[in-house]
1. Tell me yes or no: at least one residue of the stretch 206-224 is in contact with a helix residue (DSSP H, G or I) (Cβ under 7 Å, 6 or more places away or on another chain) and among the hydroxyl-bearing types (Ser, Thr, Tyr).
2. What are the residues in the stretch 173-215 that are within 21 Å of ARG240 (Cα to Cα), small (Gly, Ala, Ser) and loosely packed, with under 12 Cβ neighbours inside 10 Å, if any?
3. Which of the numbered conditions does PRO138 fail, given that it passes all the others? Conditions: (1) within 19 Å of THR161 (Cβ to Cβ); (2) surrounded by fewer than 24 Cβ atoms within 10 Å (Cβ to Cβ); (3) touching a residue at least 24 places away in the same chain (Cβ under 8 Å); (4) in contact with a Leu (Cβ under 8 Å, 6 or more places away or on another chain).
4. Pick from the stretch 181-220 the residues that are in a loop (DSSP other than H, G, I, E, B) and among the β-branched types (Val, Ile, Thr): which of them is nearest to SER163 (Cα to Cα)?
5. Which count do you get for residues in the stretch 11-30 that are surrounded by 20 or more Cβ atoms within 10 Å (Cβ to Cβ) and not aliphatic (A, V, I, L, M)?
6. Tell me which residues, restricted to the stretch 72-85, are touching a helix residue (DSSP H, G or I) at 6+ places or on another chain (Cβ under 8 Å) and hydrophobic (A, V, I, L, M, F, W, C).
7. Taking into account only those residues within the stretch 147-169 that are under 16 Å from the mean Cα position of the chain (by Cα) and over 18 Å from ALA8 (Cβ atoms), which is surrounded by the most Cβ atoms within 10 Å (Cβ to Cβ)?
8. For the stretch 166-198, name all the residues that are out of contact with any Lys or Arg (no Cβ under 8 Å at 6 or more places or on another chain) and either under 22 Å from HIS238 (Cα atoms) or among the aromatic types (Phe, Trp, Tyr) (or both).
Amino acid sequence: MHTIDLNADLGEGFGHWRAADDDAILPLVSSASIACGFHAGDPLTMRHTVATAGRLGVSVGAHPGYPDLLGFGRRELAATPAEVMAYVLYQLGALAAICRSESVPLRYVKPHGALYNRAATHAPTAAAIATAIHRFDPSLALLGLANSQLVIQAAALGLATASEAFADRRYEPDGTLVPRTEPDAVLTDPSAVAHQALALARDGTVTARDGSVLTIRPDSLCLHSDTPDAPTLLAAIHARLAADDIAISAFAH
């Protein structure tokens, strides 16, 4: 049976504010990319999310971003590669401490938001992230946009890599994501999300917004936890994949 990982970005609350219903989402994913306190997340949120993921057998990854709580890490910052490297190291250390205290292994790293998008095309930023991961723990895998500089630079350092595609985001013809500032950037219809997830998992293809068909072949599919009604979208993905005999399984064990 063919398998695919299904991940979500989680733990993206801060204090009493919550970006999503993590407890409803965690049973529906195989991997959880957990915010590390810069774009979202705080010690209590991180600990709860890690512990819940561990209890459910969900693979845990670090989700480092720019230091931008007000912008949720989705604004581009003029950060140098040296700064990016330090940001990532700092956040890995924070989440690794929580994981260690809960006896839950940290398996992988997936950058967040604007940092993820910049690293997809900017080799120095991608190399800074990959170097930080390698220096912190070379056994960690890197999860990044398929065919991106992030995956290329991580592989060049000998890190295990996994290619990611998005069930709830539209694509540009060059394989990058349509910016969230565009009105059609996010898919919210369960049928459309499930259809895109199936095409990616089964055929390794996605239709860009100009109608062209891109070849991606992902190891993992992402559904953003803050996409409206995320649990319903995840349930739709499960149903569509199961109907095609595609199992959901973590890429990093």
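Values quoted throughout were computed directly from the atomic coordinates according to the rules given, and no laboratory measurement underlies them. Just so we're clear, the structure is a prediction, and the values are computed from it rather than from any experiment. Ideal geometry is used to build each Cβ from the backbone, glycine not excepted, and the neighbour counts take in all protein chains shown.
1. The answer is no, given that none of the residues of the stretch 206-224 is in contact with a helix residue (DSSP H, G or I) (Cβ under 7 Å, 6 or more places away or on another chain) and among the hydroxyl-bearing types (Ser, Thr, Tyr).
2. SER191
3. Result: PRO138 passes all but (3).
4. Looking at the filtered set, the residue picked out is ILE216.
5. Total satisfying the criteria: 5.
6. Once the filter is applied, which keeps residues that are touching a helix residue (DSSP H, G or I) at 6+ places or on another chain (Cβ under 8 Å) and hydrophobic (A, V, I, L, M, F, W, C), the stretch 72-85 yields PHE72, LEU77, ALA79, ALA82, VAL84, MET85.
7. At the first step, the residues of the stretch 147-169 found to be under 16 Å from the mean Cα position of the chain (by Cα) are 147-151, 154, 160-169.
Still in the list and also over 18 Å from ALA8 (Cβ atoms): 147-151, 154, 160-161.
Working: ASN147: 19, SER148: 22, GLN149: 21, LEU150: 32, VAL151: 23, ALA154: 28, ALA160: 16, THR161: 23.
Step by step, filter the stretch 147-169, then rank; the result is LEU150.
8. Residues satisfying the conditions are PHE166, ALA167, ASP168, ARG169, THR188, ASP189, PRO190, SER191, ALA192, VAL193, GLN196.
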